Amino acid sequence: HYSFFDGQPRWPVGTQELTYAFDPDNALDDVIKTVFGNAFSRWSEVTTISFRETASYVAADIRIGFYGGDHGDGEPFDGVLGTLAHAFSPTNGMFHLDSAEDWVASGDVTKASLSNAVDLESVAVHEIGHLLGLGHSSVEDAIMYPTITARTRKVELNEDDIQGIQVLY
Ligand code: TQI
Ligand code: ZN
Ligand code: ZN
């Protein structure tokens, strides 16, 4: 079953659009940006919120970046596997990914040659759930279930994810 953060924080009532931006220091290619766009679409399809990329990193509601090790927020990344990414509850908007992972942004992660390949869209859909206010779910097929194995792709929202997010939005 789905859960929320303590106090059920959410983006303000009436929020129709949230903007997102990529850390300009990361210089991400369009393939990677498209993956994030697709991940946001999964949630906009089942809520009244839409997502729009903006060039202004400082002004964006959701700020996305790839960082290695200690990156200044007290939650250092740990190298290959372990923690892959973290995102904070509304309305913080920080969405960080561990640059040490072998991220797969295109092609089939289940066929990836690297045994520790991680599917970027799968992780992005999960972290966006956190950014919107969902905690973890006990339903194994849910996007918000707290375990994913390497070389797995899971990007389709489960009925449980949809029910949870529709309580909030
Ligand atoms: N990152 C954890 C996660 O997103 C960080 C975390 C732990 C967390 N507890 C939290 C974030 C509570 C918000 C609220 O769950 S992770 C998965 C999953 C991770 C894990 O790198 O371990 C995914 C990132 F669920 F599959 F295990 C993405 Cl999809
Ligand atoms: Zn961080
Ligand atoms: Zn999580």
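The values are calculated or read from the model by the stated rules, or taken from the named source; none is laboratory data. None of these values were measured; they are calculated from a predicted model. Cβ: placed from backbone, ideal geometry, glycine included. Neighbour counts: every protein chain shown.
Of the residues screened, residue 118 is one that is away from ligand 2 (no atom under 16 Å from the Cβ), surrounded by 17 or more Cβ atoms within 10 Å (Cβ to Cβ), part of a strand (DSSP E or B) and β-branched (Val, Ile, Thr). Among the residues examined, residue 143 qualifies as among the aliphatic types (A, V, I, L, M) and within 16 Å of ligand 3 (Cβ to nearest atom). The residue that is surrounded by the fewest Cβ atoms within 10 Å (Cβ to Cβ), among those in the stretch 38-69 that are part of a loop (DSSP other than H, G, I, E, B) and within 16 Å of ligand 1 (Cβ to nearest atom), is 69.
Checking the stretch 159-169 against the condition returns a match, with at least one residue being modelled with pLDDT of 95 or more and part of a loop (DSSP other than H, G, I, E, B).
Which one is surrounded by the fewest Cβ atoms within 10 Å (Cβ to Cβ), of the residues in the stretch 102-115 that are of a type outside the set (A, V, I, L, M) and more than 26 Å from residue 19 (Cα to Cα)? Show your work before the answer.
Step one: filter the stretch 102-115 for residues of a type outside the set (A, V, I, L, M), giving 102-103, 106-108, 110-111, 113, 115.
Going one step further and asking which of them are more than 26 Å from residue 19 (Cα to Cα), we end up with 102, 107-108, 110-111, 113, 115.
Details: 102: 16, 107: 10, 108: 11, 110: 11, 111: 9, 113: 7, 115: 9.
Per the criteria, the residue is 113.
Cβ-Cβ distances below 7 Å connect the following pairs, each with a first residue in the stretch 145-161 that is exposed (fewer than 13 other Cβ atoms within 10 Å of the Cβ), a second residue that is at pLDDT 90 or above, and a separation of six or more residues or different chains: 146/136.
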